[in-house]
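Enquirer: Let me begin by handing over the structure; questions about it come next.
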Amino acid sequence: MNTKGLSAYRALQPTNAEHARRAQVEVILKKATLYNVAFLQNETLLAAFAALPQIVIPMQTLEQTAELLLWLDGAQEKALLSH
């Protein structure tokens, strides 16, 4: 097999970290859409993140955003239960 061709092909394939990032963004988008949380217009913001794979978003930023949205999700559920 042509090793140069194989190397070029592999270089174009998404990395495991990129797959994990995309999966995390998808989960955040689903949660944001489901609960309609208006936090920094998260649906639009995260859709823009997902649409621009050439921009590197630190995994820590995504994790912090995910944690914040999960907290907002829990707070919203508690508010719904208290009504």
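The values are calculated or read from the model by the stated rules, or taken from the named source; none is laboratory data. Worth saying up front: this structure is predicted, and the values here are computed from it rather than measured.
Enquirer: Scan segment 26-38 residue by residue and report those that are modelled with pLDDT under 80 and on the phi < 0 side of the Ramachandran plot. Outline the logic, then answer.
Expert: As a first pass, look at segment 26-38 and keep what is modelled with pLDDT under 80: 28-38.
The answer is 28, 29, 30, 31, 32, 33, 34, 35, 37, 38.
Enquirer: I'd like the full set of residues that are at pLDDT 70 or above and not acidic (Asp, Glu), limited to segment 53-63. Reasoning before the result, please.
Expert: Here is the first cut: in segment 53-63, the residues at pLDDT 70 or above are 56-63.
Answer for segment 53-63, where residues must be at pLDDT 70 or above and not acidic (Asp, Glu): 56, 57, 58, 59, 60, 61, 62.
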